[in-house]
Each structure stands twice: as structure tokens, then as C-alpha cells.
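**Student:** Questions regarding the structure given below will be posed in turn.
The values are calculated or read from the model by the stated rules, or taken from the named source; none is laboratory data. All of these numbers come straight from a predicted model, not from anything done at the bench. Glycine also receives a Cβ, built like all others from the backbone with ideal geometry; neighbour counts cover every protein chain displayed.
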Amino acid sequence: MSGARKVGVVLGSGLGAFADTLDNPVVTPYAEIPGWPRSTAIGHAGKLVEGSVHGTEVVVLAGRAHLYEGYTAQQAVFGIRALKKMGVDSVILTNAAGGVNVKFGAGSLVLISDHINLLGQNPLTGPNDDTLGPRFPDMSEAYSKSYREIARAAGKEMGLDLPEGVYAAVPGPSYETPAEIRYMRTIGADLVGMSTVPETIAANHMGMRVLGISCVTNAAAGVLDQKLNHTEVLEVGERMKGTLIELLRRIIPKLV
Ligand code: HPA
């Protein structure tokens, strides 16, 4: 049976493998779509894949545009706006993140309950496109509560505990200093990363429902006595991809 909703999935750094698990995949490289910002980040494929998961239609964005690549927040939401135009109303945003909360070590999967925008940019700055959404969109449940419940139930089927946390977005590309991480902890962040927030803002603007999943690839700066590097982020993402794929495949048919 075909699901009522078409589900969009945005895959974060090192998490692109899910795109290769869809049934009846149709792949379009971003380079072939006029206006699509190319993903230059290592670990990001740069393709749109349409297909299905257990009969539910899915559109996957494997690779996204980040502010650290030099893109504006407006450019970073090109993909999510394209998903909406393709009939997607439910979107799962995944990312690799640092664990600010010491409870979230490398290898943790965390449901995003809310976010703090430290990017210094908002994708809705400038004239409002009233055909997309209101000038001042509400953000009081930016990450759907019911979707988090669905995700937690799917995790439970796998024996997976899925805690919740607040995601702080920073522009990067330098990792944070230990002082910046202490600051983020003080203001209520549990996770830190360089993506997702512009997409969540644009999705809420367009009335889409969002599920956010962070793959904690490392303890944030200063938590452990060790340096951070992107290779580690990709390696841990690679190790977590099997669990994430199974989780996504269980969640997708249940999103209503
Ligand atoms: N900081 C910012 N972004 C990240 C991190 C981090 O520690 N890990 C993965 N993405």
C-alpha cells in the first residue's frame, strides 16, 4: 500500500548510504538541475534520489549546501523548497553533530527537540514570498512532537534508546573552541553542527513537518582531551549508517 505522504530525507555528512537503499530509484545529480547549489563538502554525494521505502514515496537529498561553503542561508534552503514543490510535506533532516551534552558521546543517535540559531543568518531574510508562507512564521514546535514519538517507537522496535536534545547551529568551518562549547551548554544546547537550522526554518515557513536526527560523531571540543577532525566525523558516520538506515526505513512508512 502506498503511504499518503511523500517523505523527504536530507542526508548529512557521511550518511549518504541511505540513498542507495531505495526501491525503484531514479537518480538526478544536482549538477543537472538548474540553480541547485553544488555540494562541495567531502562526504556529500550531491544527488537527488526518488524512490520508495516499503511502498511510501521518498525523495532523498544526498548532500546539502552549507554556509561554510560560502552559500547564503537562502541558497542552503534551495533543496528543501524543491522538496515542497515536489509534493513533500514531511521531511527528515539528518546531520552529523558534536555532543555538547556529555551524555551524548560518539555513536549516539539523538532526536532534535528544538534548535538555537547561532548562524547569524536566517533564510527568510528579505522580501517574503507570500506564496511559500507567512512573513513571521511560528517556530514553537519546529520539530514535530508526534514525529519524535513515531521515531522513538521505531527505535524501540530495534532496542534503540532515542534521547532528545537541542541542536545549536554554527557557521563553521572551524570547529568550536572549548569556551564556545561551554557557552553553548550554558544557553541550553546539547548538540552542535553546521547545518539543518536553515532547512528547518524554511520547512516551517512552508508548513512542512520536520523530524531532525543527529548522529553524534564526536564529543564536542573540550569534552575529551583530544582534537577534532573531519575524518573522524566521517568514520563514525560510516559506522552508524547501518543503524540509521534501519531506523529511517522503520520511521518513513509511519509518518502521517
Ligand atoms: N562541531 C560542529 N559540527 C560538527 C561537529 C562538531 O563537533 N561534529 C560534527 N559536525
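**Student:** Scan region 19-46 for residues that are charged (D, E, K, R) and either within 22 Å of R239 (Cα to Cα) or assigned to a loop (DSSP other than H, G, I, E, B) (or both) and jot them down.
**Tutor:** Kept after step one, since they are charged (D, E, K, R), are these residues of region 19-46: 20, 23, 32, 38.
Scanning region 19-46 gives D20, R38.
**Student:** Here is a further query. Being of a type in the set (S, T, Y), out of contact with any strand residue (DSSP E or B) (no Cβ under 6 Å at 6 or more places or on another chain) and under 15 Å from I92 (Cα atoms), is that true of even one residue in region 239-248?
**Tutor:** Step one: filter region 239-248 for residues of a type in the set (S, T, Y), giving 243.
From what's left, out of contact with any strand residue (DSSP E or B) (no Cβ under 6 Å at 6 or more places or on another chain): 243.
Now narrow it down to the ones that are under 15 Å from I92 (Cα atoms): none.
So far as region 239-248 goes, no, none of its residues is of a type in the set (S, T, Y), out of contact with any strand residue (DSSP E or B) (no Cβ under 6 Å at 6 or more places or on another chain) and under 15 Å from I92 (Cα atoms).
**Student:** I would also like to ask the following. Take the conditions of a type in the set (G, A, S), under 12 Å from the mean Cα position of the chain (by Cα), assigned to a strand (DSSP E or B) and closer than 20 Å to M208 by Cβ and apply them to G8. Does it pass? First the steps, then the outcome.
**Tutor:** Values: of a type in the set (G, A, S): yes; under 12 Å from the mean Cα position of the chain (by Cα): yes; assigned to a strand (DSSP E or B): yes; closer than 20 Å to M208 by Cβ: yes.
Spelling it out, G8 is indeed of a type in the set (G, A, S), under 12 Å from the mean Cα position of the chain (by Cα), assigned to a strand (DSSP E or B) and closer than 20 Å to M208 by Cβ.
**Student:** Residues in region 71-86: is at least one touching a residue at least 60 places away in the same chain (Cβ under 8 Å) and part of a strand (DSSP E or B)?
**Tutor:** Within region 71-86, none of the residues are touching a residue at least 60 places away in the same chain (Cβ under 8 Å) and part of a strand (DSSP E or B).
**Student:** Report yes if some residue within region 23-43 is under 15 Å from K241 (Cβ atoms) and at pLDDT 95 or above; otherwise report no. Even if it seems obvious, please write down each step before you answer.
**Tutor:** If we filter region 23-43 for residues that are under 15 Å from K241 (Cβ atoms), which is where we start, we get 43.
Applying the additional criterion that residues be at pLDDT 95 or above yields none.
Among the residues of region 23-43, not one is under 15 Å from K241 (Cβ atoms) and at pLDDT 95 or above, which makes the answer no.
**Student:** Look through A203, A219, A189 and report the one residue that is more than 12 Å from the ligand (Cβ to nearest atom) and within 21 Å of L109 (Cβ to Cβ).
**Tutor:** Numbers: A219 fails: more than 12 Å from the ligand (Cβ to nearest atom); A189 fails: more than 12 Å from the ligand (Cβ to nearest atom).
Within the list A203, A219, A189, the selection yields A203.
**Student:** Any residue that is surrounded by fewer than 21 Cβ atoms within 10 Å (Cβ to Cβ), closer than 19 Å to N204 by Cβ and of a type outside the set (S, T, Y) - is there at least one of those in region 4-21?
**Tutor:** Yes.
**Student:** Scan region 216-234 and report the pairs whose first residue is more than 15 Å from A96 (Cβ to Cβ) and in contact (Cβ under 8 Å) with a residue 12 or more places away in the chain and whose second residue is more than 10 Å from the ligand (Cβ to nearest atom) and part of a helix (DSSP H, G or I), with Cβ atoms within less than 9 Å and a gap of 6+ or a chain change.
**Tutor:** G222/P178; G222/A179; G222/R182; V223/P178
**Student:** Would you mind telling me which numbered condition in (1) surrounded by fewer than 21 Cβ atoms within 10 Å (Cβ to Cβ); (2) away from the ligand (no atom under 16 Å from the Cβ); (3) assigned to a helix (DSSP H, G or I) Y68 fails?
**Tutor:** (2)
**Student:** Please tell me if I92 is buried (at least 19 other Cβ atoms within 10 Å of the Cβ) and assigned to a helix (DSSP H, G or I).
**Tutor:** Numbers: buried (at least 19 other Cβ atoms within 10 Å of the Cβ): yes; assigned to a helix (DSSP H, G or I): no.
The answer is no for I92.
**Student:** Based on this model, can you work out whether G159 counts as out of contact with any Asp or Glu (no Cβ under 8 Å at 6 or more places or on another chain) and loosely packed, with under 14 Cβ neighbours inside 10 Å?
**Tutor:** yes
Per-residue answers, yes or no, for (1) within 16 Å of the ligand (Cβ to nearest atom); (2) aliphatic (A, V, I, L, M):
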| residue | (1), (2) |
| --- | --- |
| G193 | yes, no |
| L211 | no, yes |
| E238 | yes, no |
| T243 | no, no |
| I251 | no, yes |
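**Student:** Return the residues of region 122-178 that are within 16 Å of the ligand (Cβ to nearest atom) and among the hydroxyl-bearing types (S, T, Y); say none if nothing qualifies. It would help to see each step written out before you state the result.
**Tutor:** Pass one, region 122-178, residues within 16 Å of the ligand (Cβ to nearest atom): 165-178.
Across region 122-178, the qualifying residues are Y167, S174, Y175, T177.
**Student:** Against the conditions (1) over 25 Å from A151 (Cα atoms); (2) aromatic (F, W, Y); (3) within 16 Å of the ligand (Cβ to nearest atom), where does W36 fall short? Just the number, please.
**Tutor:** Just one mismatch for W36, condition (3).
**Student:** Which residue out of L83, L111, L93 is more than 13 Å from the ligand (Cβ to nearest atom) and touching a Lys or Arg at 6+ places or on another chain (Cβ under 7 Å)? I'd like the intermediate steps shown before the answer.
**Tutor:** Working: L83 fails: touching a Lys or Arg at 6+ places or on another chain (Cβ under 7 Å); L93 fails: touching a Lys or Arg at 6+ places or on another chain (Cβ under 7 Å).
Result: L111 is the single residue among L83, L111, L93 that is more than 13 Å from the ligand (Cβ to nearest atom) and touching a Lys or Arg at 6+ places or on another chain (Cβ under 7 Å).
**Student:** Looking only at region 162-189, how many residues end up being of a type in the set (S, T, Y) and surrounded by 15 or more Cβ atoms within 10 Å (Cβ to Cβ)? Reasoning before the result, please.
**Tutor:** In the first step, residues of region 162-189 are kept if they are of a type in the set (S, T, Y); the result is 167, 174-175, 177, 183, 186.
Within this subset, residues satisfying the condition of being surrounded by 15 or more Cβ atoms within 10 Å (Cβ to Cβ) are 167, 175, 183.
Of the residues in that region, 3 qualify.
**Student:** Report whether or not F104 is at pLDDT 95 or above, within 12 Å of the ligand (Cβ to nearest atom) and aromatic (F, W, Y).
**Tutor:** Against the criterion (at pLDDT 95 or above, within 12 Å of the ligand (Cβ to nearest atom) and aromatic (F, W, Y)), F104 qualifies.
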